[in-house]
Amino acid sequence: MDLEALGRVVSGDPERLSRHPVEDQDAIELSKNRQWMITFLILLCNLFQFTSMFSTVAGGFEFSAKVGHSAGPGDANWMGAAYSLTQSAFVLISGRLGAIYGHQRLVLIGCTIIVVFSIVNAFCKTYTSFIIARALTGIGGGILMPNAVSTLTILVPPGKARNLTLAAFAASPPIGAWVGAMLAGVFLTYTAWKWHFITIACLEAIATGSLILTLPREVHADKDGGIDFIGILLGVGGLILFNIAWNQAPEIGWQTPYVIAILVVSVVLIAMFFVWESKFAKEPIMPFSIFNTPSFRALIFVVLFIYMSVGITLWEMVAWQQFIRHWTVMNIAIGWIPYGVGASFAVLAAAWLIPRLDAQYILALGCLTSICATILLATMPAQQSYWTQVFPATVLGSLCPDFVYVAAQVIASNSVGKREQGVASSLIGTLNLYGNSLGLGLAGTIEAQIAKRTGSQVTSYRSALWFGAALSVIALIFDLVWLRMPKDDREGWKSTQELEENAFEMRESPPTVGNKV
């Protein structure tokens, strides 16, 4: 079972990731008990941050109402989008920061940010302050994730223990989604909603404090390395502003001058980022050589479109169940139980398939499950039993993220050279989270326009879901036409020469339908 791909998910330290696992010079000798305690605490920290993230997806409309904000079509997108926006932007860069300043230190900083701004969130009185607090909390999540992976893969030696650890880490999002929905449902139903965020802050603080007491002394992976601060400002700034424009427009309209101004500035920043990284940066955060492989270029669109669809499907499911069928947040949490179970199973199933099936076909399975789930939701009548279409859509939809996630990491890993491993993995992790946020903005625009023209909430939700299905179909086409990657049955890295030659050959010879790279 090849779960090593999961360990390269969001780490931005290409030098450490490029070494053969059994030759990892950063490995730290610890007692088994201490090793497992640290592992358990890091997994808890990551679980709690996803609990926080998904609580405002399942309970976003109710939280909006609690702070006096309209929750009609296109009006509450920021509840689901704010956290994942900043989380995705900082995932791209924080792995590199960890390599220089210490992965453990960055884990603790990320957790501290989550604690502080969860408490701030609890005392927000307006929608705007609530969303700002969510975005600032997401920064902590973005700093935590890649450095948690790096810390785990340094502390836990290669083998079954590491594989199980990384599988548990990959299962954090779906389990955290269910826990977050359940906690939000309990606190929104039985007490003041502020206690939801105070509880998350306390849980994260306990785990963080325990980590401080148990983490060993750390040797920085690249303490003398440089940081491309200009690239960070241009790249992160461009990504955030582009997303802000798309998520703000559904509520206030594209005719608002400042929305257009933000969109134009974001495009300019992103263009400047590409120019800077390709021509001037001494240590670019995104070397352009990673785009030389045709399979990797196609993979970017597949991952982005699929995760846009995943975010849309979950958000529109919640909206439909709450506004059309009058479900409570607690009902949503109970309805999500199959999602948490299915997604956890999908992690192991995808890892089992990696050495047995070509990665592009595992990716295709993820696309197909997304298409089927979204179409099931888009075609259901306004009123219907949960078991008829929502339940099978929930089960099918739960399989998509991890099938795509694991297969994409394998394709990314095998499409670039050793020095580019960390950057490629970070980019896939960023596209995963960024797609969730951006998808809500685009779907919100569709919702708002359709609701304005038809006056029908059901039609607006249905239209957004069809858009999500179309994104999954496009992703499937990109996957089947342009992606070629044989099943990964390797044990460990190839030699440096073999891997570099393989990457060179893939860049020189674009794949054809009958020729696998």
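Results, tabulated for the structure shown:
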quantity: Global form of the stretch 62-137, assessed from the alpha-carbon gyration tensor, a/c cut-off 1.5; calculated: oblate
quantity: Order by protection proxy (mean Cβ within 10 Å, highest first), peptides 194-206, 424-436, 76-88; calculated: 76-88, 424-436, 194-206
quantity: Cα-based helix-to-principal-axis angle, 391-415 vs the chain, degrees rounded to 10; calculated: 30 degrees
quantity: Length added when fully stretched, I477-N331, from 0.36 nm per residue minus Cα-Cα; calculated: 49.0 nm
quantity: Lys, Arg +1 and Asp, Glu -1 on Cβ, resulting dipole of the chain about Cα centre, debye, nearest 20; calculated: 840 debye
quantity: Rounded to 10°, Cα long-axis angle of helix 294-319 versus longest principal axis of the chain; calculated: 30 degrees
quantity: Positive-end extreme of charge dipole, the stretch 377-466 - chosen from F391, F403, V416 (charges on Cβ); calculated: V416
quantity: Nearest-0.05 FRET efficiency for F280 and R217, computed from C-beta distance (R0 45 Å); calculated: 0.75
quantity: Projected label distance in nm at R105 and A271, using a 7 Å step from Cα toward the beta-carbon; calculated: 3.8 nm
quantity: Nearest-ten-degree value, helix 77-101 long axis tilted from longest Cα axis of the chain; calculated: 20 degrees
quantity: W352-I230 pseudo-label distance in nm [points 7 Å out on the Cα-to-Cβ vector]; calculated: 5.2 nm
quantity: Charge-dipole axis of the chain as Lys and Arg at +1 and Asp and Glu at -1 on Cβ define it, positive-most pick from G68, F40, I362; calculated: G68
quantity: Length released on extending from L164 to S31, taking residue separation times 0.36 nm less the Cα-Cα span; calculated: 46.1 nm
quantity: Ellipticity estimate at 222 nm from DSSP helix runs (n ≥ 4, -39,500 (n - 2.57)) divided over the chain, nearest 500; calculated: -25500 deg cm²/dmol
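FYI, it's all coordinate maths here, none of it is from the lab. Treat the numbers as computed from the prediction; the structure is a model and nothing was measured. Don't worry about glycine lacking a Cβ; one is built from the backbone with ideal geometry, like all the others, and counts go over all protein chains shown.
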